[in-house]
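The values are calculated or read from the model by the stated rules, or taken from the named source; none is laboratory data. Worth saying up front: this structure is predicted, and the values here are computed from it rather than measured. Note that each Cβ is placed from the backbone with ideal geometry, even for glycine, and that neighbours are counted across all protein chains shown.
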Amino acid sequence: MSRVYNFSAGPAVLPEEVLREAAEEMLDYRGTGMSVMEMSHRSKAYDTIIKEAEADLRELMGIPDNYKVLFLQGGASQQFAMIPMNLMKHKVADYIVTGQWAKKAYQEAAKYGKANKIASSEDKTFSYIPDCSDLPISEDADYVYICENNTIYGTKFKELPNTKGKTLVADVSSCFLSEPVDVTKYGLLYGGVQKNIGPAGVVIVIIREDLITEDVLPCTPTMLQYKTHADAESLYNTPPAYGIYICGKVFKWLKKMGGLSVMQERNEKKAKILYDFLDESKLFRGTVEKKDRSLMNVPFVTGDADLDAKFVKEAKEAGFENLKGHRSVGGMRASIYNAMPTEGVEALVEFMKKFEKENL
Ligand SMILES: *Cc1c(COP(=O)(O)O)cnc(C)c1O
């Protein structure tokens, strides 16, 4: 068996320890004689799995009691619709558009009410986070929406926007559990887990209880109402059971690692290795404003598309997978989520140095 260094933006690298544990439990989960995949989601064994997953996530993030944790399906993209359908009571919401994912969410919301683009960084291909300290927040806005870490472009809000008292809603898919957060600053935060937590198929929504109501847009399907899932503790219908089980293992792994402040330190150190090299390199350069750099997704280019392609090809041959940039921006992108070991980033930088020598 040989494992590569996987820099995929998602689905992405998972902790090897977690995968090994899951492999050991594959055929017989703790004496039940069956795999978690084959188990009723109403069974006692599964009840323990989902309850422990929630408890561990609550502990990791310090989620207050007046917030619900929901394990849902439909990916992060389904939330683009579910959020306006459930929260647009006055049919007005403000969107800060800092990349493709925020743009898609904004476009989707416009189907259900008045979506206002109150700030954008599209003028410079989303290479920065706009100043959000004094935006024209709409008086009747039901919420202000951000994508906190822009997976494709590699920028991150280092400071949350001033929402002037309005509810903040955030897509945290690609920075979920990468650092401590103050959940009380958000009305709702959510993320697809396939970036930094687990296998595709699960989206986690953390929502303040007062935002969960029956007062949703007319014709909102039962399955798309937060109340449905909150009342049933994520077991209204069959949940993505195996995916939640793996997420639960990752939560335990994070606790064992020391929790989110330790992960933040580790992530900062790891990202610095790559950014420091990009800053001194004569061949490669980062593509976003330094102050807005993401710790999770690091896009870079040589400035020559053919050389970029050569780099991606040779890197793959050397065991560095999925370094090709998003199809909308080109170049390269190294996603260095929680589960990417520091050695992976060090090895990548060594490889880049060698490539630079050979190609400059
Ligand atoms: C990947 C990604 C999405 C889309 O996730 P799906 O689960 O594929 O719908 C949305 N937002 C962000 C920030 C992402 O990184």
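Structure data summary
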read-out: Selection count, the stretch 191-204, where residues are within 9 Å of the ligand (Cβ to nearest atom) and within 10 Å of the chain's Cα centre (by Cα); value: 6
read-out: Test: residue in the stretch 253-262 that is closer than 27 Å to I336 by Cα, within 16 Å of the ligand (Cβ to nearest atom), within 15 Å of the chain's Cα centre (by Cα) and crowded, with 17+ Cβ neighbours inside 10 Å; value: no
read-out: Among (1) crowded, with 16+ Cβ neighbours inside 10 Å; (2) over 28 Å from L57 (Cβ atoms) - the single one E346 does not satisfy; value: (1)
read-out: Where a residue in the stretch 78-107 is closer than 12 Å to Y190 by Cβ and its partner, wherever it lies, is within 11 Å of the ligand (Cβ to nearest atom) and of a type in the set (G, A, S), with Cβ under 8 Å and at least six apart; value: Q79/A105; F80/A105; M82/G74; I83/A105; W101/A76; W101/S173
read-out: Residues of the stretch 329-359 that turn out to be among the small types (G, A, S) and more than 19 Å from the chain's Cα centre (by Cα), as a count; value: 4
read-out: Selection count, the stretch 33-82, where residues are over 16 Å from G198 (Cβ atoms), within 16 Å of the ligand (Cβ to nearest atom) and not hydrophobic (A, V, I, L, M, F, W, C); value: 3
read-out: Pair list, Cβ under 6 Å, 6 or more apart: the stretch 152-174 residue within 17 Å of S127 (Cα to Cα) and in contact (Cβ under 8 Å) with a residue 12 or more places away in the chain, other residue in a loop (DSSP other than H, G, I, E, B) and aliphatic (A, V, I, L, M); value: G154/V288; T155/I129; T155/V288; F157/I129; S174/M296
read-out: Matching option when the condition is acidic (D, E) and not in a helix (DSSP H, G or I), among D47, D56, D65; value: D65
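To keep it simple, each residue is scored yes or no on (1) closer than 25 Å to A241 by Cα; (2) at pLDDT 95 or above; (3) surrounded by fewer than 19 Cβ atoms within 10 Å (Cβ to Cβ); (4) touching a strand residue (DSSP E or B) at 6+ places or on another chain (Cβ under 8 Å).
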position: V181; (1), (2), (3), (4): no, yes, no, yes
position: T184; (1), (2), (3), (4): no, yes, yes, no
position: E209; (1), (2), (3), (4): yes, yes, yes, yes
position: C219; (1), (2), (3), (4): no, no, yes, no
position: Y226; (1), (2), (3), (4): yes, yes, no, yes
